[in-house]
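Just so you know, all these numbers are worked out from the coordinates, no wet-lab data involved. Since the model is a prediction, treat every value here as computed from it, not as a measurement. All Cβ positions, glycine included, derive from the backbone under ideal geometry; neighbour counts span all protein chains shown.
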């Protein structure tokens, strides 16, 4: 799940605005209560700097329940405070900006105070808030073992991501997270691991590769197939070269169109899957990229003999709250921000091909 | 069964082919080596062979007057190069070039076409294998055409 693409074509990207609440409430989620909750969060963001405790104040002020959360909790107040904490962004300062391609940047963030988000797992995402512009979900693309610093790779596809790409060292962003499910790095132990990334999909898969490499002896073969539009669109080029120097990693990079000096593969990622040697019965596949690419990739993986429950996909949906409250990212029975973004193909099979309109 | 017949039988493309046909195909095969950058065949040339890559990589290319040489696809070990030998006018549609030192098995298409005409079971079997290959490549080409990695903000 790389940078989410649906920013509304110039419309405000709601992170805290009630305009984001849909009139039709999916599932069991109560949008009216949630919109009031969002208002409260927004109004108290400023007072967070003041003397009152905004985070507990919200509970006293409203005292309402959030369906699906209150019921499961032993103490309602703690749940409310927990949810509110998750709704208030923590300030992070931009430490470094690296241009990956003409429209994609990697930023490194460090907390501006002692307060920071919790440790993340490979595949999880944060909500990044460009103050005054909007908030978007962005996968974490750094190494989970390196604490303190957050790394995000962002492509400019709309006003918020453009603002996030325009940051410079010293700028401040809001961060909420980490949210969502993780790649099954430990679940792949004992077998082969095949990573298939398309375009920006390499960003959320990079932490998984770090995890696999860190515990290299626990796995059989590890392979990465990475497809991009052109050689100029490849992310992390230097790092890919470094990975290629590992004799116990198979790294295959392909582009849809190559000319001039490009000496690597040309063709879609699916054409490379059949060229790899792996044991289908013991292979876990981690796949991330545009949904069309993932559909073709899944077909090829199943053709090669992988089982549907060993194929993991990272989905991209229109996420807002990040906690399964607002329902924006609902896909059948799943709230992608909470139940995903990483799900097995066996769980997703019924829902992936559904047309949204 | 000769070593070559065994090697051919082990290729995914020829998997399950009757031994008698493997022998016939092996009789039409000869080794070929190409240095990096060397042309294997050129667009417009007579398609009187097809190839299977043993070692190395092959680029299928097309020349565009305004964009130069464009690589359409690269093929690697155990993959088939060339299907234009199957249908008249038996003319190559693309260029093929070795990207690195490449060993190929070259199959004499004239010999194979005659064998297919004489034995329709062989012809049908080979046709099915090439039809499947072409459908797979057509699907890959369509996927490539979708330009799925383009920035949605760019309007493509």
**OP:** Return a whole-number percent for the relative contact order of region A:199-297, with Cα pairs under 8 Å and 6 or more residues apart as the contact set.
**Re:** 31 percent
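If the viscosity is 0.890 mPa s and the temperature 25 °C, what translational diffusion coefficient in µm²/s does Stokes-Einstein give for region A:285-324 when Rh comes from Kirkwood over Cα pairs?
218 µm²/s
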Subject >> Virtual paramagnetic centre 7 Å along Cα→Cβ of residue B:64, amide N under 18 Å, in region B:112-156 >> reply: B:141-151, B:155-156
**OP:** Counting only C-alpha contacts under 8 Å and six or more residues apart, can you give the relative contact order of chain B as a whole percent?
**Re:** 27 percent
Subject >> For chain B, convex hull of alpha carbons as volume per residue, Å³ >> reply: 128 Å³
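Arrange the following residues from fewest to most other Cβ atoms within 10 Å of their Cβ: B:85, A:183.
Arranged by neighbour count, lowest to highest, B:85, A:183 become B:85, A:183.
Using the Cα atoms as the points, what is the convex hull volume per residue of region B:21-70 in Å³?
In region B:21-70, the Cα hull volume divided by residue count equals 100 Å³.
Using only Cα atoms, what is the ratio of the radius of gyration of region B:3-46 to 2.2 N^0.38 Å?
This ratio for region B:3-46 stands at 1.49.
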Subject >> Ranked B:124, A:92, criterion: other C-beta atoms within 10 Å, fewest first >> reply: B:124, A:92
Original post:
Between residue A:169 and residue B:39, how many nm apart are label points set 7 Å from Cα along the C-beta direction?
Top reply: 5.2 nm
Subject >> Burial ordering of A:328, A:91, A:246, fewest other beta-carbon atoms within 10 Å first >> reply: A:246, A:91, A:328
Subject >> Cα coordinate range in region A:212-285, projected on the principal axes (Å, largest first) >> reply: 40, 25, 16
**OP:** Give me a single rounded figure for A:270-283: the average over its residues of other chain Cβ atoms within 10 Å of their Cβ.
**Re:** 2
Original post:
What is the average number of partner chain Cβ atoms found within 10 Å of a Cβ in B:129-136?
Top reply: 1
Subject >> Against the rule of thumb 2.2 N^0.38 Å, how large the Cα Rg of region A:130-185 comes out >> reply: 1.21
Subject >> Shielding of B:73-80 by partner chains, average beta-carbon count, 10 Å >> reply: 4
Original post:
Is it possible to state the helix-based mean residue ellipticity at 222 nm for chain B, with each DSSP H run of 4+ residues giving -39500 (n - 2.57), the sum divided by total residues, to the nearest 500 deg cm²/dmol? What is it?
Top reply: -11000 deg cm²/dmol
